[in-house]
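The values are calculated or read from the model by the stated rules, or taken from the named source; none is laboratory data. Fair warning: this is a prediction, and the values are worked out from it, not measured in the lab. Virtual Cβ from ideal backbone geometry, glycine too; neighbours counted across all protein chains shown. These accessible areas exclude ligands, DNA and RNA; they are computed on the full protein's heavy atoms, side chains included. Shrake-Rupley method; radii C 1.70, N 1.55, O 1.52, S 1.80 Å.
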Amino acid sequence: QVQLVESGGGLVQPGGSLRLSCAFSGSMFSIYDMGWYRQAPGKQRELVANIASSGSTNYKDAVKGRFTISRDNAKNTVYLQLNSLKPEDTAVYYCNTYHVGISYWGQGTQVTVSS
């Protein structure tokens, strides 16, 4: 059974930074592709970034150059570094993975960018 727990969200001013963490509970974390999604009020959930088991990464165009996804297989954790934050980055950020047809989600962590 896979469980995901996000942390690291908060209130930050425009231009600020945050680092989100997603702790993975289960076995063989290193073989899972991992992703970060976000959902703003009244909008659909969208993919922000993902990282494959190989370490290759992919980003939503709007966050390229500002956000960085990484993973630490020894700590069973995936990170999302958020830099140069903008008000439009405000959303609940969710960690996700899938395996043998099952999609797993964390509870989400709120990121609010406001002055």
I need every pair where a residue in region 64-84 that is in contact (Cβ under 8 Å) with a residue 40 or more places away in the chain has its Cβ under 7 Å from the Cβ of a residue that is in a strand (DSSP E or B) and of a type in the set (Gly, Ala, Ser), sequence separation at least 6 or different chains.
ASN76/ALA23; THR77/SER21; THR77/ALA23; TYR79/SER21; TYR79/SER70; LEU80/ALA49
Conditions first: (1) in a loop (DSSP other than H, G, I, E, B); (2) small (Gly, Ala, Ser); (3) more than 28 Å from SER114 (Cβ to Cβ). GLY42 passes all but one, so which condition is the exception?
(3)
Going through region 42-92 one residue at a time, which ones are of a type in the set (Val, Ile, Thr) and closer than 23 Å to ILE31 by Cα?
VAL48, ILE51, THR57, THR68, ILE69, THR77, VAL78
Considering only region 19-39, how many residues are surrounded by 16 or more Cβ atoms within 10 Å (Cβ to Cβ) and in a strand (DSSP E or B)?
10
Looking at the structure I just gave you, is VAL2 at pLDDT below 95, open to solvent by less than 30 Å² (accessible area, probe 1.4 Å) and in contact with a Phe, Trp or Tyr (Cβ under 7 Å, 6 or more places away or on another chain)?
yes
All positions within region 1-49 that are free of Cβ contacts under 8 Å to residues at least 12 places away in the same chain and within 16 Å of the chain's Cα centre (by Cα):
GLN44
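How many residues are over 13 Å from LEU4 (Cβ atoms) and crowded, with 17+ Cβ neighbours inside 10 Å when one looks only at region 81-115? Working first, answer last.
First pass over region 81-115, keeping only residues over 13 Å from LEU4 (Cβ atoms): 81-92, 100-101, 110-115.
Okay, now just the ones that are also crowded, with 17+ Cβ neighbours inside 10 Å, so 82, 85, 89-92, 111, 113.
Selection size over region 81-115: 8.
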Of the numbered conditions (1) open to solvent by 50 Å² or more (accessible area, probe 1.4 Å); (2) farther than 15 Å from LEU82 by Cβ; (3) in a loop (DSSP other than H, G, I, E, B), PRO14 fails exactly one; give the number of that condition.
(2)
